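The values are calculated or read from the model by the stated rules, or taken from the named source; none is laboratory data. These numbers were taken from a predicted model, which means no experiment stands behind them. Note that each Cβ is placed from the backbone with ideal geometry, even for glycine, and that neighbours are counted across all protein chains shown. Remember, those area values only see protein heavy atoms, side chains included, never the ligands or the DNA or RNA. Shrake-Rupley method; radii C 1.70, N 1.55, O 1.52, S 1.80 Å.
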Amino acid sequence: QVHLVESGGGLVQAGGSLRLSCTASGRTFSGAMGWFRQAPGKERQFVAAISGNRRRTAMLDSVKDRFTVYRDNAQNTLYLEMNSLKPEDTAMYYCAASGRTIATVESEYDYWGRGTQVTISS
């Protein structure tokens, strides 16, 4: 059975940093893995994605100068390094895995984690 488990969320002040992790079990993912987020009352939003060979990334414009996505294929783990955090980054962050080379649309992802909460105080 395939599981994606996120960790690393928490409560930090604006300007702070967090590193989210997503560990996959049950199979090895050779396709894209990505991060989405959902704030209360809003739709889930693409944040970042990285291809299986780590050569391609895609980022939401509002985070591309502050967030970095990377993966350790040997550990089957995806990361999201988040710096200069803002209150508008507050959301539940979800990890997802796709069979595509790179994917930025929710429907292109086949597996999802349950999420980790990120809360940024002003």
| query | Taking the alpha-carbon centroid of each part, what is the distance from the range 29-70 to the range 101-121 in angstrom? | reply | 7
| Where the Cα atoms of the range 54-102 are projected onto their three principal axes, how long is each span, largest first, in whole Å? | 32, 18, 16
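So with the 1.4 Å probe, I'd like the accessible area per residue for the chain, rounded to whole Å².
Details: 6420 Å² over 122 residues.
Value returned for the chain: 53 Å² of accessible area per residue.
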| To the nearest µm²/s, what D does Stokes-Einstein give for the range 4-54 at 10 °C and 1.306 mPa s, using the Kirkwood radius over alpha carbon pairs as Rh? | 122
| task | Grab the beta carbon distance between D65 and A39, set R0 = 22 Å, and tell me the FRET efficiency rounded to 0.05. | result | 0.65
| note | Scaled by the rule-of-thumb 2.2 N^0.38 Å, the alpha carbon Rg for the range 32-72 gives a ratio of 1.21
| note | Cα-based Debye curve of the range 30-113 sampled at q = 0.24 Å⁻¹ gives log₁₀ I(q)/I(0) of -1.21
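Taking the range 35-122, which trypsin sites (Lys or Arg not before Pro) meet the DSSP loop condition and have no more than 14 other C-beta atoms within 10 Å? Write out the running numbers ahead of the final one.
Values: sites: R37, K42, R44, R54, R55, R56, K64, R66, R71, R100, R114; in loops: K42, R44, R54, R55, R56, K64, R66, R100, R114.
Filter output for the range 35-122: K42, R54, R55, R56, K64, R114.
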